[in-house]
Amino acid sequence: MTAGRLLFSIPVWLFIFNSLPAQTIPQLDIPTIMQNPDTWIGSQPKNPYWSEDSKTIYFKWNPEDADSDSLYAVSINGGSPQKVSLIQQAQLPTQEGEYSLDKKWKVFSKNGDIYLYDIKRSRMHQITNSLDIEKNPHFSSDQKRIIFEKDNALFTWDRQSLELKQLLQLQDKVKPNKEGIPKDLQEKFLRTEELQLMQVLRERKEKQDKRESLREKNANAIPEFYIGDYRIYNMQLSPNEKYVTCNLTSKKQSGKETQIPHFITESGYTETQKAYAKVGSPQEEIKLVCIDIDADTMVFASVDSLPDISNFPEFTYSEKKDGEKRAVNIWGPFWSRKTNKAFVEVRSLDNKDRWLAFLDPATGILKSFEHQHDDAWIAGPGISWWNGVSSQGWLPEDKGIWFCSEESGYSHLYAYYLKTGISEALTSGPFEIYDPIISPDEKYWFFSSNQEHPGERHFYRMKLDGSQKTKLTSMPGRNDGVVSPDGKQVAVLRSFSNEPWELYIQKAQHNTKVKRLTFSTTEQWKKYPWRVPQIVRIPAEDGNQPYARLYKPEKPNSAAVVFVHGAGWFQNAHKWWSSYFREYMFNNLLVDKGYTVLDMDYRGSAGYGRDWRTGIYRHMGGKDLDDHVDAAKWLVTNHAIDANRIGIYGGSYGGFIVLMAQFTKPGVFKSGAALRPVGDWAHYHHTYTSNILNIPQVDSTAYRMSSPIYFVEGLQDHLLMCAGMVDSNVHFQDVVRISQRLIELGKENWDVAFYPMEGHGFREPSSWTDEYRRILKLFEKTLR
């Protein structure tokens, strides 16, 4: 990020306040803003998708404040949204599925059965009807059959004869020893002698062996393959139907699991819940096996030919054996629809390298065509690093492969062309793109981007070659688009800083009319003039300028509160409705009381490219905390804030930052509220933590620099800690261990509140209310 001028939006809330008599503005309080959000704010539409004929938009909604969301539908021809009955839902195809090459049919699984949908006639045909779970259906390459998976077996269903046939069976175990020959030499001797001595025993065995041999030679026998002691998933049949591939993970436990005690239970006894193994524990690999059905052979995909596969990055291993290759996860393969080509994604377990590679299913050999390395860790929009697979796929007519990469420093869309063997960037610039898809007619790309402003997202259309990029949406805030199957219209889920999500519709064109379809917020909630925070940039000591939300009171009390968002790689200083909506409302309450409030996208936050994302590598609580210290100085210098009257609060990663601030930067924040905070990164989840700090047994320096528990003695100002006792994300143990250190060190100006029936995200309004009453009380006591 380079230095730039301060950016801010017009403080619309000033006009609202000036136009309303003071007595008409409702007074906020903690119980009101922490009540059930569906009742108080109103249920917001979610997960919109189109009917196959492009005439109806379906979405989840709960305007009646029922126990859960229901499916609603609204016609493009007008009218209000209507609830879809359970009987009607049973006749609808699912969002997921695969289309035939001519786009006339769709196959999908629903409630464990396979269905075929006639798009032109809007008719659904049920292929299977059983108590088993059938899944993962596809069209055969000749489009004449449906191929699906059930119980580690592949089946085909002929669309003309309606014949159902099993292709093969996989067994998730080691092949049994049919001969029954023991490995022990003493037992082997006894068995051999007994067969030689006993004629009847020997004759019976010979007959049994003949029967088994004939059974195996039977041409109609279903091929059976023993994979080993693995979990089997993602079974696929190659387009030429010669190979079957599947991903495997070991059934063996990869590391010692943690235990979470539940003290309040129906049984009246303390019960335990299993949770993740801690960072640095052994990790399971995702393998890929390729089976040649006719040859009756099986090979595992080999990574030996991948570039840098033998180069172990610093801080990622404790010992290395000669000839050892780095551990990897292999996802895929991704088969082309018209040829027999396939590629896979390979990710090193240290997450510093990603390869896209072609797969030879006969040999298992991988040939890399795209390699991305990051000295910190691989991530970015469309380049998932958390329990998922990146955005990627085949280009139309199998001309090449598309994928996302941070090669330029920002996540952009790339295409690798088979004809030239070269990858080309389809988008570029100091911005990021999100969720790219190819249009149903295969002529355009559709995606979201923050090209105009890091805190604003719009929906774009672009030709397949990267030309004629057109912004389709125009409303300020965030606009997430879903294109209709005919490509003519877009359902837009949109929100603004002080306007929760609503559903709109527009044509897939630039500068077109937009129609609002839902009106979700309650009259009670709308009575309060919710503020639009200014978007500002804070000058950091190292020359960078983090974006932040600034809430300015009408009557400042010279005190300020800084809110710290969670997750680390997350964005909150933006122009749309925040997932931290409770904190947004609490910030409004604080402003009503005269506090100036700041909410920053510190180093490590999402939306600003690779360098910003990795700015916390090997030192969480370093630059990200410095950004907050610089923000406190900025508030004092530019907004007449008393340097002795600044508070800070946040949850999860935000709670961690609060602990680091109070332990390592005494005198900056008079008081801090750390909610569900990480106290020691060596006790957290492997996938998240190892990306940023490597593994503790190798990079202990990074863990000690980054973990609050090593700096508890530095507490001088006020501290409140709040945590759920059944938190399976940041374990309650973190707060317990921090508390013990505070007790041992004789610290007095701290307090702790625990919630016996709450996890990471509280569920009960009473818990939210208690927690934020304590936070408000802390600030009112220490900052007034």
Return the pair list, or none, for Cβ contacts closer than 7 Å from residues in the range 53-67 that are under 13 Å from N36 (Cβ atoms) and free of Cβ contacts under 8 Å to residues at least 40 places away in the same chain to residues that are open to solvent by 20 Å² or more (accessible area, probe 1.4 Å) and not in a loop (DSSP other than H, G, I, E, B), at least 6 apart or on different chains. N62/D38; N62/S70; D65/D38; D65/T39
Only one residue in P430, P396 is open to solvent by 10 Å² or more (accessible area, probe 1.4 Å), more than 24 Å from I378 (Cα to Cα), touching a residue at least 60 places away in the same chain (Cβ under 8 Å) and not charged (D, E, K, R), so which one is that? P396
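Would you mind finding the one in T512, T473 that is on the phi < 0 side of the Ramachandran plot, surrounded by fewer than 17 Cβ atoms within 10 Å (Cβ to Cβ) and of a type in the set (S, T, N, Q)? It would help to see each step written out before you state the result.
Numbers: T473 fails: surrounded by fewer than 17 Cβ atoms within 10 Å (Cβ to Cβ).
After applying the criteria, what remains is T512.
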The range 352-382, residues that are free of Cβ contacts under 8 Å to residues at least 60 places away in the same chain, open to solvent by less than 10 Å² (accessible area, probe 1.4 Å) and within 26 Å of Y243 (Cα to Cα): R354, W355, A357
For the range 641-662, how many residues are crowded, with 24+ Cβ neighbours inside 10 Å and either without any contact (Cβ under 8 Å) to a residue 60 or more places away in the chain or under 15 Å from D626 (Cβ atoms) (or both)? 7
Taking the range 727-737 on its own, how many of its residues are open to solvent by 20 Å² or more (accessible area, probe 1.4 Å) and either in contact (Cβ under 8 Å) with a residue 12 or more places away in the chain or not β-branched (V, I, T) (or both)? 5
Sort out which residues of the range 657-705 are over 30 Å from E319 (Cα atoms) and of a type in the set (S, T, Y), and write them in order of number. T664, S671
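Taking the criterion of being among the charged types (D, E, K, R), closer than 30 Å to K144 by Cα and assigned to a strand (DSSP E or B), would at least one residue in the range 268-290 satisfy it?
no
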Hey, among P137, P176, which residue is in a loop (DSSP other than H, G, I, E, B), of a type outside the set (D, E) and on the phi < 0 side of the Ramachandran plot? P176
Check on T245, over 27 Å from K165 (Cα atoms), part of a strand (DSSP E or B) and open to solvent by less than 80 Å² (accessible area, probe 1.4 Å): no
For Q524, the lone unmet condition from (1) under 28 Å from the mean Cα position of the chain (by Cα); (2) open to solvent by 10 Å² or more (accessible area, probe 1.4 Å); (3) polar (S, T, N, Q) is (1)
Residue that is modelled with the lowest pLDDT, among those in the range 215-257 that are over 29 Å from the mean Cα position of the chain (by Cα) and of a type in the set (A, V, I, L, M): A219
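Would the range 693-706 turn up any residue that is at positive phi and open to solvent by less than 50 Å² (accessible area, probe 1.4 Å)?
Within the range 693-706 (the criterion being at positive phi and open to solvent by less than 50 Å² (accessible area, probe 1.4 Å)), the answer is yes, since at least one residue qualifies.
The rows are residues; the columns are (1) closer than 29 Å to S700 by Cβ; (2) open to solvent by 60 Å² or more (accessible area, probe 1.4 Å); (3) touching a Leu at 6+ places or on another chain (Cβ under 9 Å); (4) among the small types (G, A, S).
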residue: Y276; (1), (2), (3), (4): yes, no, no, no
residue: G280; (1), (2), (3), (4): yes, no, no, yes
residue: V289; (1), (2), (3), (4): no, no, yes, no
residue: D292; (1), (2), (3), (4): no, no, no, no
residue: S305; (1), (2), (3), (4): no, yes, yes, yes
residue: D308; (1), (2), (3), (4): yes, yes, no, no
residue: F312; (1), (2), (3), (4): yes, no, no, no
residue: T316; (1), (2), (3), (4): yes, no, yes, no
residue: N329; (1), (2), (3), (4): yes, no, yes, no
Checking the condition more than 26 Å from T782 (Cβ to Cβ) and open to solvent by 10 Å² or more (accessible area, probe 1.4 Å), which residue from W569, W634 passes? W569
Within the range 59-78, can you find the residues that are more than 21 Å from K513 (Cα to Cα), hydroxyl-bearing (S, T, Y) and in contact with a strand residue (DSSP E or B) (Cβ under 6 Å, 6 or more places away or on another chain)? S70, Y72
Go through (1) at pLDDT 95 or above; (2) farther than 20 Å from E98 by Cβ and name the single condition N351 misses. (1)
Is there any pair linking a residue in the range 72-96 that is among the hydrophobic types (A, V, I, L, M, F, W, C) to one that is surrounded by 11 or more Cβ atoms within 10 Å (Cβ to Cβ) and not in a strand (DSSP E or B), with Cβ under 6 Å and at least six apart or on different chains, and which? A73/V84; V74/P81; V74/L517; I76/K55
Could you tell me which numbered condition E163 fails, if it satisfies all but one of (1) open to solvent by 50 Å² or more (accessible area, probe 1.4 Å); (2) in contact (Cβ under 8 Å) with a residue 40 or more places away in the chain; (3) touching a strand residue (DSSP E or B) at 6+ places or on another chain (Cβ under 9 Å)? (2)
Given the structure, is K469 within 28 Å of the chain's Cα centre (by Cα), among the charged types (D, E, K, R) and closer than 25 Å to L395 by Cβ? yes
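Counting just the residues of the range 378-418 that are part of a loop (DSSP other than H, G, I, E, B) and β-branched (V, I, T), which one comes out modelled with the highest pLDDT?
Taking the range 378-418 as the starting set, the residues that turn out to be part of a loop (DSSP other than H, G, I, E, B) are 378-391, 395, 399, 406-411, 418.
Next, from what is left, pick out any that are β-branched (V, I, T): 378, 383, 389.
Working: I378: 95, I383: 92, V389: 54.
Among them, the one singled out is I378.
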Across the range 115-158, which residue is most open to solvent (accessible area, probe 1.4 Å) among those that are within 22 Å of N247 (Cα to Cα) and of a type in the set (A, V, I, L, M, F, W, C)? I133
Which one is nearest to Y49 (Cα to Cα), of the residues in the range 476-490 that are part of a strand (DSSP E or B) and not charged (D, E, K, R)? V482
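The values are calculated or read from the model by the stated rules, or taken from the named source; none is laboratory data. All figures in this text were calculated on a predicted structure; none of them were measured in a lab. Positions of Cβ are backbone-derived with ideal geometry, glycine not excepted, and every protein chain shown enters the neighbour counts. In case anyone asks, the SASA skips ligands and DNA or RNA and just uses the protein heavy atoms, side chains included. Shrake-Rupley method; radii C 1.70, N 1.55, O 1.52, S 1.80 Å.
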